[in-house]
Each structure stands twice: as structure tokens, then as C-alpha cells.
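No lab work stands behind these numbers, since they all come straight from the coordinates. This one's a predicted model, so the numbers in the text were calculated from it and none came from an experiment. Neighbour counts are summed over all protein chains in view; Cβ atoms, including those assigned to glycine, are modelled from backbone coordinates with ideal geometry.
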Amino acid sequence: MSESMRAMRLHASGRPLELERVARLAPGPGEVEVCVLACGVCRTDLHIIDGELTEPRLPLIPGHEIVGEVTALGAGVQAPAPGTRVGVPWLGWTCGECKPCRAGRENLCERAEFTGYTRDGGYAEYCVADARYCFPLEVEDAQAAAPLLCAGLIGYRTWRLAGGEANRRLGIYGFGAAAHILAQLAVARGQAVYAFTRPGDTQAQAFARRLGAVWAGGSDEASPERLDAALLFAPVGELIPTALAAVRPGGAVVSGGIHMSDIPSFPYRLLWEERSLSSVANLTRRDGEEFLALAPEVPIRTETHAYPLEQANQALDDLREGRLSGAAVMIP
Ligand SMILES: [Zn+2]
Ligand SMILES: [Zn+2]
């Protein structure tokens, strides 16, 4: 397998990705090679490329919402078999031995490796992944499924940590890829969704209403109801006190992002009355199995915009500038 492949690579943070021909690597022991059919563009990719996440391997092929087909197996791999459709998520490898791993919290593994950050990802024609971290996917439409792999999984973990089914009134701050998936799950579970967008973003507000939100407005507007919980998907620290002020006593605010601007100081009374504030880091394989089984039941329909691989920089710019409703997906 001495062929080459097309890939978009990052050579230094703050610089655009470059379209290159790179070696197509054979899968090592325990690994599979996956022919990428679609790869979603996640906000985390922006944080990596813009240098807010500081430890990427360089040069790097970003992308961790990969849907593809297994094309080759490394030594010792029995499954997934060649031809199987799989999803490759952000969690690329864990040690299985550290304290968090042994406690069932592999999302916090001390030596974890991440697809499209510390391992090469899916902005390419092929990628290599550890077979144990790939999810078998029974989906026809790879483009529609790609955003489920991170926006969906991380969104689901955020929803679950905020109390899952138990909440009746659920606030969602930042209505992008994760929110548009989660809103569908919440609505299907009978929850009332309150969507908070960038002030003045009437397009995102209309999008939220179309997906079943009972209310949509700017994050500068007061919530019309006391919320049981709030999920934060916008990387804006100011939203933490805003969301705390909107939840009831005992309510939860959970931030789903990997990076956020600084949180301004706020009066203790916003947190008092047993409100909780927490964050979500990464995912466990169990999150993935649970959510990917749920998604077709709901059923979750993603709204995606396809970009050819060589337009990755355009897709990233569109995400950065808030020009997308739904999710951008790269098609190699
Ligand atoms: Zn570990
Ligand atoms: Zn992501």
C-alpha cells in the first residue's frame, strides 16, 4: 500500500489548511484503514486550527466526525470486517489502565489520544483508526450521519449530565450543530426547548423553532420561563452567568464545549440554591453506543452543508462566522 492520498493538513496554528498529497499509511496492529465518505466539521477543529487548543500533532489532518468504510485490517483485527460502514469519533485511543479508565471514565483517560488532534483525522481520503474505537454504523447517508459522531455524541453526553429525561424545560445556548441534533432528541422526549442564539440571529431562531423549540430568542433576552437545565454549546464565557440566572434552584448548567472565552465574575446568588455548573470532556464509547442507537429511533435528521475536501478552509470560515445553520460536512 504505497499509494498516496489527498488530505488537508495543518502545519502551524493560525494558518489555513493546505491541500497535499501524503502517504496512505497501512493500518498497524489493532488498527483499521477507513475510506472516508464524509467528515463533519466541528467547532473543536476551529479551536485546534486557531491555536486555542495548544497540543496538536503537526503536521495534522484534522477531522473527528468520520463516516467511512473499512478497507484494510491491521494485524490482530477481526472486526469490523472490510466493507463495514463505521464512524470514527474524537476519542481515538485510551490506555485502559489509568485510574479514570479503570473507573469507567475513559473520557478522562490520562493518556488518551484524540482523532484529528493527537492522531490524524478525516479531512482526507483515508484514515487509520484503532478498531476498538470505531462504531459500526448502519446508515445509508454518510453525509447526514457525520455530525452525529461529535455534535451528536458530545451533545448527548451534555444532555445526559444535565439530567437527561428528568428535565421539562431545557435551555440551549448556541444553536449550531450540536444543538440542532439535541433539540430533536429533547422534543421527542417531551421536553420544552428554549433556544438562545447570538443576539439578532433571526435565521438561527427560525431554525430552532422549525425543529420544535417552544421559544427562540437572543441570548441577551431573559428566558420566558425558569429552566430546569441549560446546555451551553457556544464558546462564550459570558453565557455561564446568563444561563445560571435562567435556571431554577437545583437546576444544572452544563457546558459541552472544549474551549470557551473567560467567564466573567458573577454574584454567588446565581449559583446558590444548589444550582450546579459543570462541563463535559470528550466521550466514552458507551455514550456513542447509546446515542447511535437512539438517533434512528427519534429519528434525528441532521441538516448539513457539503463541501469538497479542498474547500475545508471555506467550511471552517463559514462555521467561525456563524454562516451555517446545521453542520458543515467535508466530502473527500
Ligand atoms: Zn487511561
Ligand atoms: Zn467535535
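Would you mind stating whether THR158 is more than 18 Å from HIS259 (Cα to Cα), touching a strand residue (DSSP E or B) at 6+ places or on another chain (Cβ under 8 Å), away from ligand 1 (no atom under 16 Å from the Cβ) and hydroxyl-bearing (Ser, Thr, Tyr)? In short, no. Of all residues in segment 196-213, those being farther than 12 Å from SER325 by Cβ and in a strand (DSSP E or B) number 1.
Checked against (1) assigned to a helix (DSSP H, G or I); (2) free of Cβ contacts under 8 Å to residues at least 60 places away in the same chain, GLU69 meets all criteria but (1). Based on this model, can you work out whether ALA12 counts as within 16 Å of ligand 2 (Cβ to nearest atom) and either hydrophobic (A, V, I, L, M, F, W, C) or in contact (Cβ under 8 Å) with a residue 60 or more places away in the chain (or both)? Considered against the rule, which asks whether it is within 16 Å of ligand 2 (Cβ to nearest atom) and either hydrophobic (A, V, I, L, M, F, W, C) or in contact (Cβ under 8 Å) with a residue 60 or more places away in the chain (or both), ALA12 comes out as no. Summed over segment 159-179, residues that are buried (at least 22 other Cβ atoms within 10 Å of the Cβ) and charged (D, E, K, R) total 1. If the condition is being more than 16 Å from ligand 1 (Cβ to nearest atom) and either in a helix (DSSP H, G or I) or touching a Cys at 6+ places or on another chain (Cβ under 9 Å) (or both), then segment 259-286 contributes TYR268, ARG269, LEU270. If you check ALA162 against the conditions, is it of a type in the set (A, V, I, L, M), under 24 Å from VAL77 (Cα atoms) and more than 12 Å from ligand 2 (Cβ to nearest atom)? When the stated conditions are applied, ALA162 does not pass them. Meeting the requirement of 3 or more residues that are closer than 23 Å to ALA131 by Cα and in contact with a Cys (Cβ under 9 Å, 6 or more places away or on another chain), the strands (runs of 3 or more DSSP E) wholly within segment 1-58 are 31-40. Only a single item in (1) in a loop (DSSP other than H, G, I, E, B); (2) over 17 Å from the mean Cα position of the chain (by Cα) is not met by VAL128, and it is number (1). Per this entry, LEU292 is not counted among residues that are of a type outside the set (Gly, Ala, Ser), assigned to a helix (DSSP H, G or I), within 15 Å of the chain's Cα centre (by Cα) and within 25 Å of LEU19 (Cβ to Cβ). Look at segment 74-100: where a residue is among the aromatic types (Phe, Trp, Tyr) and a partner is more than 9 Å from ligand 1 (Cβ to nearest atom), sitting 6+ places away or on another chain with Cβ atoms under 6 Å, you get TRP90/HIS64; TRP90/PHE114; TRP90/THR115; TRP90/CYS150; TRP93/GLU113; TRP93/ASP130.
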